[in-house]
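I have placed the structure first, in the form of structure tokens, so that the comments after it can refer back to it.
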Amino acid sequence: MSSLPAGWYKDPADTSTQRYWDGEGWIGKAIPADAVPPDGPPPPEEETPAEPTPPIATQPTSPPAWLPPQHAPPQQAPPPQPTSPPPGWGPQPPPPGWQPPPGWQPPPGWQPPPGWQPPPGMRAGYYPMAEARPHGYALAGLGPRLVARLLDILAVLLLNIVVNGWFAYQFLQEFAPIYRATLDQMANGGSAYDVEPSGRMEGLLWAMLIVATLLWLVYEAPSIGSSGQTLGKRLMRIKVVALENTEPLGFGRAFRRWAQLGMWTPAWGCLGIGLLFQFIDSLSPVFDPQLRQAYHDKTARTVVIALPPDDRQPVDATTGGGGTSTSTGGR
């Protein structure tokens, strides 16, 4: 069974349309790929009443017992029996552009017809899955997500300059004499490890890391919990939504998503171990071609979508259709 959640996806048989996947198969009629589908499965199709078929006049199955020779029915020759299959008979290759549905596997013992070649970008034995469209919206690209993250890092850095400025000044005051003593020690043939940092300098370093972590938390978690967007995501027109619906995530779920990435910040002071884990987490969407979820997205069961250019934002079915960014951006 496919692990792809139910939702609207591009129709594998016609990529210019999209249909609803209920987790086991395609249902409902196809709609254009650029149209915004309804939230949830399509309404059931109404059955059209079948037209009554006209009665067929019955023909006598046998002629009368005796007819004059001039009125006897002509003898019909029996239809010829085919001795070989007609040209083109047998397994045919799929039409151009055909892709199997999500999770489809060939039946046991299936072999492709002679001369069949897989479509471009599809290796033999591997069947690509349909492009996921959570709640009818395209997934955010890796490029916009990276730029949005860099913009958020810049915003948090500016906050740290303002709030952490005093701690940074005190740290430099403690660091300057230790740095000069280290240079003198190395000039006299000693080792740089002979100079021990002061306890106050280490305390200031941990204080700056903790303050930086709290500033990142205050900057990201409330905005993701209420609207699904930080400043960087607003500028890049991408949004964080839940897998199961488009309602606001709430602070608790947004904190769980942020903590998977942000709680490693104090570990920067441990030989950069925290920075290494954050780098691996930020790179993880590359290894999820289906939903492009980072590890912190998998923890919170969220996905990042790209908003269309007409400012339509995903909303829950109980609140009506999509609205403009002015009316829904503050959610």
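So which lysines pass the test for K29, namely a Cα distance under 17 Å, with those fewer than 8 places away in the same chain ruled out?
Counting by Cα, and skipping residues close in sequence, K29 has these lysines nearby: K10.
Using modelled amide H (1.01 Å from N, peptide plane; none on Pro or chain starts), what sits under 5 Å from the amide H of Q18, excluding residues fewer than 5 places away?
Answer set, sorted by chain and number: D11, I31, A33.
Enumerate the lysines that K298 could reach by cross-link, defined here as Cα to Cα under 18 Å, with residues fewer than 8 away along the same chain left out.
The qualifying lysines are K239.
Compute the distance in nm between two label points, each set 7 Å from the Cα along the Cα-to-Cβ direction, one at D184 and one at V163.
Inter-label distance under the simple model: 3.9 nm.
How much length is gained on full extension from F287 to E24, taking 0.36 nm per residue of separation minus their Cα-Cα distance?
Numbers: separation 263, 0.36 × 263 = 94.68 nm, distance 2.48 nm.
So the chain would gain 92.2 nm between F287 and E24.
How much of the calculated P(r) for region 142-328 lies past 24 Å, in percent of all Cα pairs?
49 percent
Return E247, E24 ranked ascending by Cβ neighbour count within 10 Å, so the fewest neighbours appear first.
Ascending number of Cβ neighbours within 10 Å: E24, E247.
Can you give the extra length, in nm with one decimal, that the chain gains between L243 and I153 once fully stretched, where that is 0.36 nm per residue apart less the Cα-Cα distance? Let's see the in-between values first.
Details: separation 90, 0.36 × 90 = 32.40 nm, distance 2.57 nm.
Gain on extension, L243 to I153, equals 29.8 nm.
Would you kindly derive the ³J(HN,Hα) couplings of region 207-215 from the backbone phi angles with the Karplus curve 6.51 cos²θ - 1.76 cosθ + 1.60 (θ = phi - 60°), listing them in order in whole Hz, with x for Gly and Pro?
5, 5, 5, 5, 5, 4, 5, 5, 5
If we sort 206-217, 267-278, 179-190 on the protection proxy, mean other Cβ atoms within 10 Å, highest first, what's the order?
Going from most to least packed, we get 206-217, 267-278, 179-190.
Quick note: the coordinates plus some simple rules give every number you see, no bench work behind them. Because the structure is a prediction, the values reported are computed rather than measured. Every residue, glycine among them, receives a Cβ derived from its backbone with ideal geometry; neighbour counts consider all protein chains shown.
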